[in-house]
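In what follows, a structure is listed as structure tokens, so that the remarks can point back to it.
The values are calculated or read from the model by the stated rules, or taken from the named source; none is laboratory data. Everything numeric here is computed off the predicted structure, so don't read it as measured data. All Cβ positions, glycine included, derive from the backbone under ideal geometry; neighbour counts span all protein chains shown.
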Amino acid sequence: MKTEILKLLKAAPDYVSGQELCEHLGVSRTAVWKVIRQLQEDGYEIEAKRNRGYRLGESGDVFTGAEISSLLKTKWVGRNLVFLEQVDSTNDEAKRQAEKGAVDGTLVAAAEQSAGKGRRGRSWVSIKGAGVWMSLMLRPDFPPECASMLTLVAAMAVEEGIRQVTGISGQIKWPNDVVIEGKKVCGILTEMSTEMECIHYVVVGIGINVGIEEFPEEIQDMATSLYLCTGKRVKRAALAAAVAEAWELYYERFTKTRDLRFLMAEYNQNLVNMGREVRVLAPEGEYTGISRGINEKGELLVETEEGLRTVISGEVSVRGIYGYV
């Protein structure tokens, strides 16, 4: 009911009477009043005037399940939304939801993570109120070998979502980072549960640094936030909704062919190290070459003196020669 009242207040040009809300939702005036109080406690500015009703004022950066839901324009992504004030990891919660039978497209978001996870077992700093920490749970019908490409699809969705909300364009650092001005603003972690050739579920975790004002000295040269890039406060719920909408668009293109042939050109256009020298940290040893973009399978093509080599996501890391990118 909170989401429905929020949508009605947002859509109204002026006051919405309490009676109108009661009739629309089929509840009592007391029930409506309680929800209005909850919304005010969440941070919404709601003016209540006798004989006129309620009017929504300009609110700050409210990041709640109701706010995200009220902004979503997706067909299926996030229609089942789980929002938590604090969680160990949105990826872990998404997996728990999957084990309970949650539907395809379930979105888990949190205001704070106590044990956020990054790639290769690293931790991810998830300060309360300073980022978009969310995970999308999918139940795809394609084979497990296709799942790694979802990390690349997610990076495209994040870059597009950031552009829509802030007006600034980021770039993608293969395979799982989004960067702005050469520094990481978003990390993506894809995990899955499989059995033989069948995927039970896939979880795509997304962590976007939004309002962080300062990073520890050891990562200042490689990490940034949308606030540091724009000097403005970005509304996290709007960003989460924009990323979910972009994800739905890109994912539907991906599932038509189960590869990246319809996304490859756009991805390579946004690839930060396209045409640049990179260092590949492979298990068999390091080597350098020129990045030539991805192929239809999402593998990075690196031109070396010995010829063109294919870099498989998950097996290696790619670093820039002159810094993080």
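Which pairs do you get when a residue that is crowded, with 21+ Cβ neighbours inside 10 Å, found in segment 235-263, comes within reach of a residue that is hydroxyl-bearing (S, T, Y) and part of a helix (DSSP H, G or I), reach meaning Cβ atoms under 7 angstrom, with the pair 6+ apart or on two chains?
Close Cβ pairs satisfying both conditions: L260/Y267; L263/Y250.
Of the residues that make up segment 90-105, is at least one assigned by TED's automatic domain parsing to the domain that holds L249, charged (D, E, K, R) and not in a helix (DSSP H, G or I)? Working first, answer last.
Keep residues of segment 90-105 that are assigned by TED's automatic domain parsing to the domain that holds L249, which gives 90-105.
When the remaining residues are screened for being charged (D, E, K, R), the result is 92-93, 95-96, 99-100, 104.
Checking which are not in a helix (DSSP H, G or I) leaves us with 100, 104.
Within segment 90-105 (the criterion being assigned by TED's automatic domain parsing to the domain that holds L249, charged (D, E, K, R) and not in a helix (DSSP H, G or I)), the answer is yes, since at least one residue qualifies.
For residues that are free of Cβ contacts under 8 Å to residues at least 12 places away in the same chain and on the phi > 0 side of the Ramachandran plot, tally how many sit in segment 265-312.
Qualifying residue count for the region: 2.
Being closer than 24 Å to V234 by Cβ, of a type in the set (D, E), at pLDDT below 95 and touching a helix residue (DSSP H, G or I) at 6+ places or on another chain (Cβ under 7 Å) narrows it down to one of E214, E181, so name that one. Even if it seems obvious, please write down each step before you answer.
On the way: E214 fails: touching a helix residue (DSSP H, G or I) at 6+ places or on another chain (Cβ under 7 Å).
The unique qualifying residue is E181.
How about segment 160-172: which of its residues are surrounded by fewer than 24 Cβ atoms within 10 Å (Cβ to Cβ) and either touching a strand residue (DSSP E or B) at 6+ places or on another chain (Cβ under 9 Å) or on the phi < 0 side of the Ramachandran plot (or both)? So that I can check it myself, show each step before the final result.
Taking segment 160-172 as the starting set, the residues that turn out to be surrounded by fewer than 24 Cβ atoms within 10 Å (Cβ to Cβ) are 160, 163-169, 171.
Within segment 160-172, E160, R163, Q164, V165, T166, I168, S169, Q171 meet the criteria.
Among the residues of segment 158-188, count how many are out of contact with any Gly (no Cβ under 8 Å at 6 or more places or on another chain) and among the acidic types (D, E). Can you show your working first?
Looking only at segment 158-188, we keep the residues that are out of contact with any Gly (no Cβ under 8 Å at 6 or more places or on another chain), and these are 160-161, 164-174, 181, 183-184.
Imposing the further condition that a residue be among the acidic types (D, E) reduces the set to 160, 181.
Number of matching residues: 2.
Based on this model, can you work out whether V204 counts as farther than 25 Å from G314 by Cα and at pLDDT 95 or above?
Working: farther than 25 Å from G314 by Cα: no; at pLDDT 95 or above: yes.
Against the criterion (farther than 25 Å from G314 by Cα and at pLDDT 95 or above), V204 does not qualify.
Got at least one residue in segment 25-36 being surrounded by 16 or more Cβ atoms within 10 Å (Cβ to Cβ), modelled with pLDDT of 85 or more, of a type outside the set (V, I, T) and within 22 Å of P13 (Cβ to Cβ)?
no
Is it true that some residue in segment 43-63 is surrounded by 13 or more Cβ atoms within 10 Å (Cβ to Cβ), assigned to a helix (DSSP H, G or I) and not assigned by TED's automatic domain parsing to the domain that holds K235? Spell out how you get there, then give the answer.
Here is the first cut: in segment 43-63, the ones surrounded by 13 or more Cβ atoms within 10 Å (Cβ to Cβ) are 43-46, 48, 52-56, 59, 61-63.
Filter once more, so that each one left must be assigned to a helix (DSSP H, G or I): none.
Checking segment 43-63: not a single residue is surrounded by 13 or more Cβ atoms within 10 Å (Cβ to Cβ), assigned to a helix (DSSP H, G or I) and not assigned by TED's automatic domain parsing to the domain that holds K235.
Tell me, yes or no, whether segment 21-43 has at least one residue that is in contact (Cβ under 8 Å) with a residue 12 or more places away in the chain and within 21 Å of A130 (Cβ to Cβ).
yes
Scan segment 103-133 residue by residue and report those that are surrounded by fewer than 16 Cβ atoms within 10 Å (Cβ to Cβ) and at pLDDT 95 or above.
The one that is surrounded by fewer than 16 Cβ atoms within 10 Å (Cβ to Cβ) and at pLDDT 95 or above: V103.
What residue, among those in segment 289-325 that are outside any strand (DSSP E or B), touching an Asp or Glu at 6+ places or on another chain (Cβ under 9 Å) and more than 28 Å from F262 (Cβ to Cβ), is modelled with the highest pLDDT?
It comes out as Y324.
When segment 293-323 is examined, which residues are found to be aliphatic (A, V, I, L, M) and out of contact with any helix residue (DSSP H, G or I) (no Cβ under 9 Å at 6 or more places or on another chain)?
The answer is L300, L301, V302, L308, V311, I312, V316, V318, I321.
Among the listed residues V185, V202, which satisfies the condition of being of a type in the set (V, I, T), more than 23 Å from V280 (Cα to Cα) and either crowded, with 23+ Cβ neighbours inside 10 Å or under 17 Å from the mean Cα position of the chain (by Cα) (or both)? Walk me through it before giving the result.
Details: V185 fails: more than 23 Å from V280 (Cα to Cα).
After applying the criteria, what remains is V202.
For segment 142-151, which residues satisfy the criterion of being touching a residue at least 24 places away in the same chain (Cβ under 8 Å) and either under 17 Å from L239 (Cα atoms) or over 12 Å from the mean Cα position of the chain (by Cα) (or both)? Walk me through how you get there before you give the answer.
Initial filter on segment 142-151 (touching a residue at least 24 places away in the same chain (Cβ under 8 Å)): 142-144, 146-151.
Listed by number, the residues that qualify are F142, P143, P144, C146, A147, S148, M149, L150.
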